[in-house]
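Report on the structure given below.
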Amino acid sequence: MTRTKRSWGSDRTAADTAYAAAFDRLFVQGRDAVLSGTHYRDTPPVDGGRWGMSVVFIPDPDSVSRLAAVTAEVMGLAGPGHWPTGAPEAVHFTVRAIEVHRRDVPAGDPLAGRCAAALDRAATECRPVRFRLGGVTLTPSGVMVCAFPVDGAADEFADRLGAELGSDGWFEDSYHRDIWYATLVHFTDEVRDGQGLVDWVARRRKLQLGEATIDRADLLRFQHNGRQPVRVGLDHTRLGGVTRRVPGAEARTECPPATTSVPRSASRSAVDHPCADATADGHRGQVASPAIHQPS
């Protein structure tokens, strides 16, 4: 997986403008899809499909509350049958999808164990993450909140995680991620008020929703609860002072905040991505038709 390298120099405004252009392009694609009725319709996860084991960031409680409120507004326009994935039990920012969906990831699963260890090692080199939540946008598969990294911490962690996963990171090796986001609503059916939704999002493209602070990364899978896919935790690691909790093992703290920076290797494209929650959105590019390549 590659992630687009951003400049953290003096011209931050120019860097943010260039970054925001990806969300602008998604809005145009999403508007056209919603108004023509050709938007992607998600379906419950199945073995071998989207929403596989992934590493994600879960926002802080205050951010979760704000995003849940925005999600409720979107649902009022989209209609009750869509998935409110901005709800507290589902919301997340995908770092990396690990594999396709498996209905069951048993205790002691070898891949999950190796990924948890990679997560642990990656965190020793990284710091807590901060995102400025700067607006919402429409995509051909849903509505997302746009996350602007405050510094290089999120990308550094994504790069370090990829390096530590080694061959276990094969699933996203060919994907390019260039934006961070959380999908608040996944479309599953007709949009009840397409023009109303387009206009609502257009008025909130620059809506400021505060800063999300994240001090841990989670390894998880997704499970459909009868309403929508929700997170099922497998392990987590604190950033800047590692605390891992594994079933049957005691939590442990290992390292002081990292002071070194790891060069970024990657980038990602939102709509092209494969499976995290679908790929956990996998946005950052063109919308792919096969379900396995839709974002989550």
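Key figures
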item: Computed over segment 129-195, the ratio Rg/Rh where both radii use C-alpha atoms and Rh is Kirkwood; result: 1.08
item: Segment Asp215-Gln195, length gained on full extension (0.36 nm per residue, minus Cα span); result: 3.4 nm
item: Kirkwood Rh in Å, taken over segment 73-227 so that all alpha-carbon pairs contribute; result: 17.2
item: At R0 = 30 Å, FRET efficiency that the Cβ-Cβ distance of Lys206 and Leu111 yields, to 0.05; result: 0.15
item: Backbone N under 14 Å from the Ser65 label point (7 Å along Cα→Cβ), restricted to segment 210-226; result: 210-211
item: For Gly210, distant residues with modelled amide H under 5 Å away; result: Leu133
item: Computed lengthening from Asp16 to Ala72, 0.36 nm per intervening residue step minus Cα-Cα distance; result: 17.4 nm
item: Under 13 Å, Cβ to Cβ, from Ser63 - net charge with Lys/Arg +1 and Asp/Glu -1; result: -1
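A short reminder: the numbers here are calculations on the coordinates, not readings from a lab. Just so it is clear, the structure is predicted and the values come from calculations on it, not from any experiment. With ideal geometry, Cβ positions are generated from the backbone for all residues, glycine too; neighbour counts draw on all protein chains shown.
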